[in-house]
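All of the numbers you see were taken from the coordinates with simple rules; none came from a lab. It should be emphasised that the depicted structure is a prediction, and the values quoted were computed from it without experimental measurement. Note that each Cβ is placed from the backbone with ideal geometry, even for glycine, and that neighbours are counted across all protein chains shown.
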Amino acid sequence: MIVLSLFDGMSATQQALKELGVPVSLYYASEVDSYAIKITQKNFPNTIQLGDVCNVSIADHIDLIVAGSPCQDLSFAGKGKGLDGERSGLFFEAIRIIKEARALNPNVKVLIENVKMKSEYMDTMSNALSEALGERVTPQLLNSGLVSAQNRQRLYWYNWETIEEPEDKGLVLKDILETTVDDKYLAGQKLLDNYVGGDQLNPSYKSQANTIHDHTKKSPTICAGTHGYAIGYVDGNHFKYGDMEEIFRSKVSDKEFKLSRDGLCHIGNAKLSGNQTIKRVYHKSGKAPTLTTMGGGHREPKVYVGDMKFRKLTPLECTRLQTFPDGYCDGVSNTQAYKMLGNSFTVEMVKCILSPIVEELEDGESDIDNAYGYHNATVDPRNIEE
């Protein structure tokens, strides 16, 4: 089988295909980040790197195209330039390449991933992809939290039968945490002194839904609509919410009462500048928040470790959140590892989406010597320095 991965990152698709047992004769990757290329070549040295997506053209048969074009201009957290933005507008390069590939193989399979976005952007992408494939393709919203310990909602467009949502594996932060962590990941004293937790989750928003209650005192009155943040109680240094669910189950329905939104357990805030998401501290009994490119400045997800202390997740723990094998990101700095993992697909979710067509992919053509008209990578990873 011959695969073309556009905006390949560190080859989550290649790892997914490996774990599915799909033989890949040629894997072409279009990527410009030198650190991502370095990690890909470490794990898959036979990958053929093509460089900038704008310079890729199709000269022969391709079985599978996967693309996750830049989301910065599409994300609700971004600057809102949409598909006119310089980065997210690269989606149309992917459309051009898909058209070229389909002209040579009308049965080419295509998988596109991106963030939740405004409906107008989503419709534009759906229309462009449908026109390129000659059939109507609409996105499916899936949450990687079903197959990992990370809440990560993403849109997926693909031209085969829509999959059923994967079975929830029930994974939470405590399932991926390292047993021993270097003290450098622990929040410094200044942050700890300004940590808001324990009795009140968010002092600027006083409500029962935002309060952690002492287990020695009476429980709060529960009303319909009490949801969003976890309601629970503190027993020593441990935050509990499962027991509270059992207590309240007979009083309110599941629809009216949720312990946490999307499975997260937000139990405090660090005093940091920036948006609310980077301030939040989570308990290990819930999911991790969606990984982003982070980039330092305490932007990494934070987990409560007891005794009113918290720390940021390690690169290994973030590797596990994206369901890569341990050690996959070894060889680059922590900063670069965090960035790549925030940009990546979740391997297990890619496996779930590709699983229905594994047999067809295994039967794909594999005797093409040169699917693009050239053999060599445009970037030699051996020359990349940290």
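State the extension gain, in nm to one decimal, for the chain segment bounded by Asp52 and Leu186, taking 0.36 nm per residue of separation less the distance between their alpha-carbons.
Full-extension gain reported as 44.4 nm.
Using alpha carbons only, how many angstrom separate the centre of the range 321-366 from the centre of the range 1-42?
Between the Cα centres of the range 321-366 and the range 1-42 lies a distance of 8 Å.
So what is the relative contact order for the range 266-328, in percent, with contacts set as C-alpha pairs under 8 Å and at least six apart? Before the final figure, lay out each step's value.
Working: 71 pairs, mean separation 14.0, N = 63.
Dividing the mean separation by the residue count of the range 266-328 yields 22 percent.
What's the local net charge at Asn107, with K and R +1, D and E -1, over the other residues with C-beta under 10 Å away? Please report the intermediate quantities before stating the final value.
Numbers: positive: Arg102, Lys109; negative: Asp63, Glu360.
Residues near Asn107 contribute 0 overall.
Filter the cross-link list Lys18/Lys116; Lys302/Lys339; Lys18/Lys42; Lys174/Lys302; Lys109/Lys339 down to pairs whose alpha-carbon distance in this structure exceeds 22 Å.
Too far apart for the 22 Å limit: Lys18/Lys116; Lys109/Lys339.
Report, by chain and number, residues whose modeled amide H sits under 5 Å from the one on Glu31, excluding near sequence neighbours (fewer than 5 apart, same chain).
Residues meeting the criterion, in which the H sits 1.01 Å from N, are Asp8, Leu50, Gly51.
Near Gly9, within a Cβ-to-Cβ distance under 13 Å, what is the net charge of the other residues, with Lys and Arg +1 and Asp and Glu -1?
-2
What net charge is computed for the residues neighbouring Val147, neighbours being all others with C-beta under 9 Å from the C-beta of Val147, Lys and Arg scored +1, Asp and Glu -1?
Local charge sum for Val147: -1.
For the range 303-356, what's the relative contact order in percent, using C-alpha pairs closer than 8 Å and at least 6 residues apart?
Reported as a whole number, the value is 30 percent.
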